[in-house]
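Peer 1: Structure incoming, see below.
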Amino acid sequence: MRIDKFLSNHGIGSRKDVKALIKKKQVTVNDIVIKKSDMHIDENVDVVKVNDQVIKHQPFVYIMLHKPQGVVSATEDRDQTVIDLIQGYEHYDLHPVGRLDKNTEGLLILTNDGQFTHNVLSPKKHVDKTYIATIDGIVTDKTIEQFKVGVTLDDGYETMPAMLKILSTGETTSQIEIIIQEGKFHQIKRMFIAVGMKVTYLKRTHMGQLALDPSLALGEYRLLTDEELKLVTQNSTS
Ligand code: URA
C-alpha cells in the first residue's frame, strides 16, 4: 500500500496533509525518514511512525455516522448514499451495518468488517436497536401490550416482541421510544401500520448500548473507540 494512503486511512489527515508531514521529515518507515509520498510499504511488516509515534495497522474501521434524512443506506445508488458522506476512508470498501430508510435519521455504523455486521444484524444475536419516533395516533398501554407479544405485518410476518415506551402524547400524536431486535424492511413503520397508526418521524438513538454521540451534527461522523465498539453487541435487556 502507498504510504500516503496508509496514513490517511489511519486518520492522520488528508493525502495533502500527509504529503506535508512527509516533506517536513516527520514520517519514518523502519526508522528511516522517508521522502516520497508514493512510496510503497507492507503494512503488515513495516513499522511506520509519525513524530515518533507508531501508527499501528488497523485492517478494520468502524465509523459512527449521524445519518441525515435524504441519504440512502447503500454503497451505490442513483441518489446520494451514506458512503458518499464519508471522506478519507475511500480505500476501505465500507458498507453500512444495516439500513435506515431514506427519511430515517440517526445512528448508523459503517465498517469493512463483514463478521461484525453479521453479529450485529442477525436476529439470533438479539442486539437491541433503539429508536425514538413521532406517531400520528395515540399510543396507549394496549399498543404497548400488542408490541410486547409482536404484531403481524402486512405480508403476514409475525414480528419478535418489541419494547414500546410512551414519552408523551398530544391531542392526535405520540412521542415514543421503541426497541427492536430485528430489521425487516420498514419494520417500525409497518408495525405501527399494523395497529392503525403512522410513523411521521423516526430516529435511531442506540445500537446495543452504544448511543449516538450528541456532539455529532446531522451528516457528521467519527471513528468508534475500542470501548464503544464493545457496547454495540451489549444489551440492556439481556
Ligand atoms: N424501521 C423503519 O421503519 N425504518 C427504519 O429506517 C428503521 C426501522
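Peer 1: Taking T225 as meeting all but one of (1) among the hydroxyl-bearing types (S, T, Y); (2) closer than 19 Å to L110 by Cα; (3) modelled with pLDDT of 95 or more, write down the number of the exception.
Peer 2: So the condition that T225 fails would be (3).
Peer 1: When both residues are 6+ apart or on different chains and their Cβ atoms are under 7 Å apart, which pairs have a first residue that lies in segment 160-188 and is over 15 Å from K203 (Cα atoms), and a second that is aliphatic (A, V, I, L, M) and surrounded by fewer than 15 Cβ atoms within 10 Å (Cβ to Cβ)?
Peer 2: Going by the 7 Å Cβ cut-off, the qualifying pairs are P161/V149; T169/I138; Q181/M160; E182/M160.
Peer 1: Hey, among V82, V45, V61, which residue is surrounded by 15 or more Cβ atoms within 10 Å (Cβ to Cβ) and either over 19 Å from L110 (Cβ atoms) or at pLDDT 95 or above (or both)? Quick ask: steps written out before the conclusion?
Peer 2: On the way: V45 fails: surrounded by 15 or more Cβ atoms within 10 Å (Cβ to Cβ); V61 fails: either over 19 Å from L110 (Cβ atoms) or at pLDDT 95 or above (or both).
Criteria check complete, one pass: V82.
Peer 1: Among P161, P214, P123, which is surrounded by fewer than 21 Cβ atoms within 10 Å (Cβ to Cβ) and in contact with a Lys or Arg (Cβ under 7 Å, 6 or more places away or on another chain)?
Peer 2: Working: P214 fails: in contact with a Lys or Arg (Cβ under 7 Å, 6 or more places away or on another chain); P123 fails: in contact with a Lys or Arg (Cβ under 7 Å, 6 or more places away or on another chain).
That would be P161, the only listed residue that is surrounded by fewer than 21 Cβ atoms within 10 Å (Cβ to Cβ) and in contact with a Lys or Arg (Cβ under 7 Å, 6 or more places away or on another chain).
Peer 1: Of the residues L164, L110, only one is touching a Pro at 6+ places or on another chain (Cβ under 6 Å) and either acidic (D, E) or not in a loop (DSSP other than H, G, I, E, B) (or both); which? Step through it out loud before you land on a result.
Peer 2: Values: L164 fails: touching a Pro at 6+ places or on another chain (Cβ under 6 Å).
The unique qualifying residue is L110.
Peer 1: Okay, next question. Hey, any hits in segment 146-156 for a residue that's outside any loop (DSSP other than H, G, I, E, B), buried (at least 16 other Cβ atoms within 10 Å of the Cβ) and not assigned by TED's automatic domain parsing to the domain that holds L85?
Peer 2: Initially, segment 146-156 is screened for residues outside any loop (DSSP other than H, G, I, E, B), giving 146-149, 152.
After this cut, where a residue has to be buried (at least 16 other Cβ atoms within 10 Å of the Cβ) as well, the list is 146-147.
When the remaining residues are screened for being not assigned by TED's automatic domain parsing to the domain that holds L85, the result is 146-147.
Within segment 146-156, one or more residues are outside any loop (DSSP other than H, G, I, E, B), buried (at least 16 other Cβ atoms within 10 Å of the Cβ) and not assigned by TED's automatic domain parsing to the domain that holds L85.
The values are calculated or read from the model by the stated rules, or taken from the named source; none is laboratory data. What you see is a predicted model, and the numbers here were worked out from it, not measured in a lab. In this analysis, Cβ positions are derived from the backbone assuming ideal geometry, glycine residues included, and neighbour counts consider all displayed protein chains.
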